[in-house]
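See structure below.
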Amino acid sequence: MSRIVIALGGNALGSTAAEQRACIDAATPSLVGLIAQGHEIIVSHGNGPQVGAISLAFEIASQHTDRVASMDLPECTAMSQGYIGYHLQQGIAKELRRVGMPWHVASVVTQVEVAADDPAFAHPTKPIGGFYDEAAARALMAGRPGLVMVEDSGRGWRTVVASPRPVDIVERDSILNLLDHEFIVVACGGGGIPVARDEAGELHGVPAVIDKDFASAKLAEVVGADVLFILTAVDRVAIGFGTPEQRDLERLDLAEAERYLDDGQFGAGSMAPKVQAAMEFVASGPGRTAVICSLENAPLAMSGQSGTVIHR
Ligand SMILES: Nc1ncnc2c1ncn2[C@@H]1O[C@H](COP(=O)(O)OP(=O)(O)O)[C@@H](O)[C@H]1O
Ligand SMILES: NC(=O)OP(=O)(O)O
């Protein structure tokens, strides 16, 4: 039996509540399939599209009525953890009941500590929200000083925000306690609510969105996981991605991964952080592996028939 942290991509969860339910219903047989194979799972998830939509909704509403104020990013991530966790709890419990297994599932509203002086605060890199064409993105940037938008892996232009590295998971004891009591835990949603400590040791939300792959690597380290699964929209990590020379990789050791990263083979803000997070987890202790694969092929990847395995 392995302890597995599974990170679900925010882009793989769709844009509307109905789409999200459908995506989760499609994913739960794979997740529960891993439990049926005897593994213990902890689920984390992204929130890129969702946190962008929540933030935009408050911003637009605040421009039309003084009954609604704009909402800061940590609060938007907290809201995204709530509604994505709610759908995951329902979806996973429904599938567990269907296959006749115990169905204790709980989401933990998770704060993730970052360094207040992380240099990432000065260089926004994390894409959030919807995709725009270049002309629309440039018009939006011209109308809103401070807004930064960049092209995201050939899929369109998106807003980017600061994305500091996770340092610690504030609710680590609650998560470990629930695991000890055989709960399936959903934690570190959207990379966690980003918080930093002041001189007095008090935590405060900071304007950022933490990359959920780095947060999931930290979560995997904290819970002593054997495997970190990063589930996204593609079956395997590729080199020459999107070109006629594309080659999908079955295995990748740390040295090769480093070389390909330096070579710019992995999309910045999309595949590159996944590979880096996988490398950090693998390097954090002996016997640890990471797998990057598609949601639907997760059980196949567990038996080595799909996905890219990152190893020492
Ligand atoms: N070298 C690469 N190999 C595979 N996919 C890549 C590569 N570079 C960029 N990508 C893109 O990265 C995407 C995964 O990143 P993203 O959509 O941000 O993840 P998430 O599923 O966490 O939301 C893939 O679906 C693919 O479009
Ligand atoms: N927070 C985060 O990394 O979300 P995505 O996986 O949706 O980009």
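With respect to Leu231, is the statement that it is at pLDDT below 95, surrounded by 24 or more Cβ atoms within 10 Å (Cβ to Cβ) and touching a Gly at 6+ places or on another chain (Cβ under 9 Å) true?
Yes.
Give the residue, chosen from Ile175, Ile230, Ile184, Ile193, that is within 16 Å of ligand 1 (Cβ to nearest atom) and either among the β-branched types (Val, Ile, Thr) or farther than 22 Å from Ile42 by Cα (or both).
Result of the check over Ile175, Ile230, Ile184, Ile193: Ile230.
Residue under question is Glu40, and the condition is that it be out of contact with any helix residue (DSSP H, G or I) (no Cβ under 7 Å at 6 or more places or on another chain) and within 14 Å of ligand 1 (Cβ to nearest atom); does it hold?
The answer is no for Glu40.
Hey, does region 13-27 have a residue that's modelled with pLDDT under 95, under 30 Å from Gly287 (Cβ atoms), surrounded by fewer than 23 Cβ atoms within 10 Å (Cβ to Cβ) and within 16 Å of ligand 1 (Cβ to nearest atom)?
Checking region 13-27: not a single residue is modelled with pLDDT under 95, under 30 Å from Gly287 (Cβ atoms), surrounded by fewer than 23 Cβ atoms within 10 Å (Cβ to Cβ) and within 16 Å of ligand 1 (Cβ to nearest atom).
I'd like the residue in region 196-216 that is exposed (fewer than 15 other Cβ atoms within 10 Å of the Cβ) and touching a helix residue (DSSP H, G or I) at 6+ places or on another chain (Cβ under 9 Å) and, out of all such residues, is farthest from Gly146 (Cα to Cα).
His204
A quick yes/no check of all residues on (1) more than 16 Å from ligand 2 (Cβ to nearest atom); (2) free of Cβ contacts under 8 Å to residues at least 60 places away in the same chain; (3) touching a Pro at 6+ places or on another chain (Cβ under 7 Å):
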position: Ile193; (1), (2), (3): no, no, yes
position: Ala200; (1), (2), (3): yes, yes, no
position: His204; (1), (2), (3): yes, yes, no
position: Asp213; (1), (2), (3): no, no, yes
position: Ala233; (1), (2), (3): no, no, no
position: Arg236; (1), (2), (3): yes, no, no
position: Asp248; (1), (2), (3): yes, no, no
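Residue by residue through region 1-44, note down the ones that are under 20 Å from Asp226 (Cα atoms), polar (S, T, N, Q) and within 16 Å of ligand 2 (Cβ to nearest atom).
Ser44, the sole residue that qualifies.
So, Ala268, is that one in a loop (DSSP other than H, G, I, E, B), among the hydrophobic types (A, V, I, L, M, F, W, C) and touching a residue at least 24 places away in the same chain (Cβ under 8 Å) or not?
yes
When you go through (1) assigned to a loop (DSSP other than H, G, I, E, B); (2) within 16 Å of ligand 1 (Cβ to nearest atom) one by one for Ala257, which number turns out not to apply?
The number of the failed condition is (1).
Which of the helices (runs of 4 or more DSSP H) found entirely inside region 1-106 contain at least 2 residues meeting this: of a type in the set (A, V, I, L, M) and in the same structural domain as Met149 (by the TED database)?
Values: elements: 17-36, 48-64, 73-98.
Qualifying helices (runs of 4 or more DSSP H): none found.
Somewhere in region 129-141, is a residue under 15 Å from Ala208 (Cα atoms), within 19 Å of the chain's Cα centre (by Cα) and not assigned by the TED database to the domain that holds Ala12?
Yes, region 129-141 contains a residue that is under 15 Å from Ala208 (Cα atoms), within 19 Å of the chain's Cα centre (by Cα) and not assigned by the TED database to the domain that holds Ala12.
Looking at (1) closer than 30 Å to Ala115 by Cα; (2) more than 12 Å from the chain's Cα centre (by Cα); (3) within 14 Å of ligand 2 (Cβ to nearest atom); (4) aliphatic (A, V, I, L, M), which is the only condition Val222 fails?
Exception for Val222: condition (3).
The values are calculated or read from the model by the stated rules, or taken from the named source; none is laboratory data. Here the structure is a predicted model, which means the values were calculated and not measured. Please note: Cβ atoms are built from the backbone with ideal geometry, for glycine as well, and neighbour counts cover all protein chains shown.
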